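Bear in mind these aren't lab numbers, they're just calculated from the coordinates by the rules spelled out. Since this is a predicted model, take the numbers as computed values, not measurements. Neighbour counts run over all protein chains shown; Cβ positions are idealised from the backbone, glycine included.
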Amino acid sequence: MSDNDLPMIPFNRPSLAGKEQEYFQAVIENRHASGDGPFTRKCHQMLQEYLGAPKALLTTSCTHALEMTALLLDLQPGDEVIMPSFTFVSTVNAYALRGARPVFADIRPDTLNIDERLIEDLITPQTRAIVVVHYAGVGCEMDVILDIAQRHNLTVIEDNAHGLFGQYKGQKLGTFGAMATQSFHETKNISCGEGGALIINDPQYIERAEIIREKGTNRSQFFRGQVDKYTWVDIGSSYLPSDILAAFLYAQLEASETIQQNRQRSWERYNTELESWASAYNIRLPIVPDYCQQPYHMFYLLLPTLEMRQALIAHLKAQQVLSVFHYQPLHLSVMGKQYGGREGDCPVTERISDQLLRLPLFNNFTDAEQDRVMAAIQSFNPEK
């Protein structure tokens with residue numbers, strides 16, 4: 001059989017984890033398919049118990065959860081928010097939509113997280129918040145970042161889209177900042193297709209978060225019997241996912257232990273079996289500090305050059321394996337340049353974005369599929 005006759009191994013493949021279909025039927029029988037139904041409440045409780053957070057609120061996406069943090073901070077035009085340039089566009093859009101100015105920081109060359117050593121020099125009288133992104137679910141240097149934030153009276157927000165089930169020095173990611181956001185997009189370990197959550201660790205934000213999430217009304221208080229009718233009391237939008245999505249998510253959360261075990265096994269196979277090949281060609285595998293417990297969200301390679309990275313992508317595709325690069329530097333994007341971004345501002349980000357290649361890794365990744373991927377990789381000789 002030729003390579004072209006083999007089925008394509010995708011970068012990601014969504015899969016059922018257990019009781020999704022059973023819970024779909026329960027939603028229909030409950031006659032509550034809209035937001036904040038029984039399964040939404042179950043997800044809230046499970047996330048709150050796992051994280052030890054005062055409040056978890058499901059949202060339609062991690063993007064919308066980030067937008068809620070910007071609303072809760074009451075950002076105004078001219079306010080500044082420090083964040084890494086190496087992140088998804090949602091991280092910056094949430095704050096730019098409120099008129100805030102993003103201030104881009106470079107990343108560490110090891111973990112690819114925001115370089116905490118650069119943050120303090122970026123702080124001005126207009127700075128309101130620091131947004132950290134736990135890249136690949138490996139924790140940022142939160143001790144240093146929280147100390148900086150406290151000394152300058154700044155709010156820390158965790159974009160924890162990659163990091164559910166990750167830990168930094170024994171503390172769960174998503175519990176360090178005043179607020180954190182989660183993603184349940186189909187590419188994440190735990191998924192409902194499209195979805196997210198806002199995790200609130202500072203109780204002062206809970207009441208207003210419920211109002212903003214319910215279109216600016218006090219509807220949640222009405223359903224708890226705290227008011228006799230609900231009305232428009234603040235700005236807001238419709239950030240509630242359907243209870244159908246929550247049912248899917250709940251089934252995935254229930255199966256999280258099995259999902260995590262499968263992903264850990266696949267990640268560790270890559271890390272062990274590609275080590276000698278990578279070393280021979282000066283290709284770097286992920287670095288996870290000893291004090292970080294990662295959630296096995298992503299496995300990537302850092303190749304020496306853009307040309308080698310693109311050649312490996314083409315080589316794998318010819319063997320029916322789909323691999324992908326990742327973020328482009330936000331400070332060099334069309335919009336980023338409007339905020340003053342210039343080439344050379346974030347040199348590590350600029351280099352890493354040309355070098356990084358993500359390999360297939362998903363919940364029902366089989367050994368046979370992974371064997372094919374690794375054989376295809378190991379047959380690549382960049383020196384030819």
Quiz item: Of the peptides 78-85, 96-103, how do they stack up when ordered by the mean number of other Cβ atoms within 10 Å, highest first?
Solution: 78-85, 96-103
Quiz item: Residues of the range 186-221 with amide nitrogen under 15 Å from the 7 Å Cα-to-Cβ point of residue 15?
Solution: 187-191
Self-check item: Near-label residues of the range 333-363 by backbone N, under 16 Å of a point 7 Å along Cα→Cβ of residue 121
Solution: 342-350
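Subtract the Cα-Cα distance of residue 271 and residue 234 from 0.36 nm times their separation in residues, and report this length gain in nm to one decimal. Provide the component values of the computation, followed by the final result.
On the way: separation 37, 0.36 × 37 = 13.32 nm, distance 4.98 nm.
Full extension of this stretch gives 8.3 nm more.
Among the trypsin sites (Lys or Arg not before Pro) in the range 191-230, which ones are in a DSSP loop with at most 13 other Cβ atoms within 10 Å of the Cβ? Mind listing them?
Working: sites: 208, 213, 215, 219, 224, 229; in loops: 215, 224, 229.
Sites meeting the loop and neighbour criteria: 224, 229.
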Quiz item: Which of the peptides 5-11, 245-251 is most tightly packed, and how do the rest follow, going by the mean number of other Cβ atoms within 10 Å of each residue?
Solution: 245-251, 5-11
Quiz item: In which sequence would 272, 187, 63, 349 go, from the one with the fewest C-beta neighbours within 10 Å to the one with the most?
Solution: 272, 187, 63, 349
Practice problem: Give the cross-link partners of residue 19 among the aspartates and glutamates, using a straight C-alpha distance below 13 Å as the criterion and excluding same-chain residues fewer than 8 apart. | Solution: 254
Practice problem: Would you please state which residues of the range 368-384 a label at residue 280 would reach in this model, taking the label point 7 Å out along Cα→Cβ and a backbone N cut-off of under 13 Å? | Solution: 375-384
Quiz item: Relative to the present Cα-Cα distance, how much length would full extension add between residue 366 and residue 335 at 0.36 nm per residue of separation?
Solution: 7.1 nm
Practice problem: Determine which aspartates and glutamates satisfy two conditions relative to residue 169: a Cα distance under 12 Å, and not lying fewer than 8 residues away in the same chain. | Solution: 141, 143, 290
Quiz item: Tell me, 162, 152 in order of fewest to most beta-carbon neighbours within 10 Å?
Solution: 152, 162
Practice problem: With label points built 7 Å along Cα→Cβ from the Cα atoms of residue 26 and residue 45, find their separation and express it in nm. | Solution: 1.0 nm
Exercise. Could you line up 374, 298 from fewest to most neighbouring Cβ atoms inside 10 Å?
Key: 374, 298
Quiz item: For residue 194 and residue 5, what is the calculated FRET efficiency with R₀ set at 41 Å and r taken between the beta-carbons, to the nearest 0.05?
Solution: 0.75
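In deg cm²/dmol and to the nearest 500, what is the mean residue ellipticity at 222 nm of the chain if only DSSP H runs of at least 4 residues count, each as -39500 (n - 2.57), divided by the residue total?
Numbers: 15 runs with 149 residues, N = 384.
Value at 222 nm, helices only, nearest 500: -11500 deg cm²/dmol.
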